Amino acid sequence: MNKCMKVSDQNFMPVYNRYPIAIEKGDGVYLFDNEGKKYLDFAAGIAVFAFGYNNKEYNDALKEQIDKIIHTSNLYYNVPAADAAEKFNKASGMDRVFFTNSGTEAIEGAIKLARKYAYNKTKTNDSEIISMNHSFHGRSTGALAITGQPKYQEAFRPLINGVVFADFNDLDSVKEKISEKTCAIVVEPIQGEGGLYPAKKEFLQGLRALCDENDIVLIFDEIQCGMGRTGSMFAYQDYGVKPDIMTSAKALGCGVPVGAFAATERVANAFELGDHGTTYGFNPLVTAAVSKVFDMFESYQLIDHVKEVSAYLEEKLDELVKDYDFVIERRGKGLMQGLELSIPAKDIIGKAMENGLIIISAGSNILRFVPPLVITKDDVDTMITILKKCL
Ligand SMILES: *Cc1c(COP(=O)(O)O)cnc(C)c1O
């Protein structure tokens, strides 16, 4: 254990069990620790660095903005925020966006907007949100309340009330929970932390129909599955089911802390002056990053690349399912893939790290592959070679 690790363990809040490496820098799809060891990275900072590390075009855009201004507040307009909002809405098909500092804050905003929409209709405060078992929406108390994993919630009750849970991919279980109080249904089109489960098309279509029939707001959490990861800019676009509110974060800024919640005009107009706010949100440094990220998705033709390379990754992961009896199943979509094991994932992850490969888990027995979107087939081959050694 080197000095950085000791100091960290003595001074940080004791909520993370970190792997014993200290990352110093990155280049392309490789990371380097502070002892000079090189790692092929199939985690991308948890689905964040779409273009890989130390990308000159991206870095230059941020440096240029730093030299102009980093922060202004929301009392004034700024050009990078305007550009980022226009590009976000064009890419997402939403009409109005609010930039936050994280995913969990994007969820908080989505909850508030859905509640306000219901409040404007009913003038009562007893609206309910339906969320899914095994979902993950963040760690602030509102987002935690709609996260369908009791182990994260138990010690922190009371969380916000008015939340009920249904089963993912089970439309009947959602129907059972619907009442005149229901103001929103929130769902990840592909469950991430919960175990890399893609929604069935009929399930999302069914939710859309339920929401239309009952004037309920449909919220898609695209924080992990959005931004090109599953082979369309946002996962909902490939499903052909459009939400009323959508959240984004992770790869949205490719490394700067930024999230967003966005909505169609009809729903967004439920908010009035003063209903929501933030000091850092919309700040010109992070929105300059967002703006650049959208430009680069186009110039790199990244969506086409994801489709091609992810088909190859799927093929290679499927071979592992065939070859090893403790590799049970492959799940996921695009470059958001999971391998369910019958053994603990952390043993494999530790071995992989020793062999120069970074992968992460989802739950205790699922290996999660969320690499930079720019990985090549050669990188996939390298990853598979190392992984086989560890398996
Ligand atoms: C990561 C994640 C969040 C929380 O985002 P933070 O930036 O960590 O607050 C919410 N929803 C989903 C689907 C996520 O993957």
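The values are calculated or read from the model by the stated rules, or taken from the named source; none is laboratory data. No experiment lies behind these values; they were computed from the predicted model shown. Neighbour counts run over all protein chains shown; Cβ positions are idealised from the backbone, glycine included.
More than 16 Å from the ligand (Cβ to nearest atom) and part of a loop (DSSP other than H, G, I, E, B): is that true of Phe282 in this structure? Judged against the criteria, Phe282 is a match. Looking at the range 216-230, which of the residues that are over 14 Å from the mean Cα position of the chain (by Cα) and free of Cβ contacts under 8 Å to residues at least 40 places away in the same chain is farthest from the ligand (Cβ to nearest atom)? Of everything passing the filter in the range 216-230, Ile216 is farthest from the ligand (Cβ to nearest atom).
This table checks each residue for (1) farther than 22 Å from Gly259 by Cα; (2) surrounded by 15 or more Cβ atoms within 10 Å (Cβ to Cβ); (3) aromatic (Phe, Trp, Tyr).
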| site | (1), (2), (3) |
| --- | --- |
| Pro284 | no, yes, no |
| Val290 | no, yes, no |
| His305 | yes, yes, no |
| Asp347 | yes, no, no |
| Asn355 | yes, no, no |
| Asn365 | yes, yes, no |
| Val370 | no, yes, no |
| Val374 | no, yes, no |
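Among residues of the range 136-155 that are farther than 20 Å from Ala362 by Cβ and near the ligand (Cβ under 10 Å from one of its atoms), those with a beta-carbon under 8 Å from a residue that is β-branched (Val, Ile, Thr) and modelled with pLDDT of 95 or more at least six positions away or on a different chain give the pairs Ser140/Thr104; Ser140/Ile107.
Contact map, the range 355-375: first residue among the aromatic types (Phe, Trp, Tyr), second residue part of a loop (DSSP other than H, G, I, E, B), Cβ cut-off under 7 Å, separation 6 or more or different chains; pairs are Phe369/Phe42; Phe369/Ile359. When restricted to residues that are buried (at least 21 other Cβ atoms within 10 Å of the Cβ), touching a Lys or Arg at 6+ places or on another chain (Cβ under 7 Å) and aliphatic (A, V, I, L, M), the range 135-192 contains 2.
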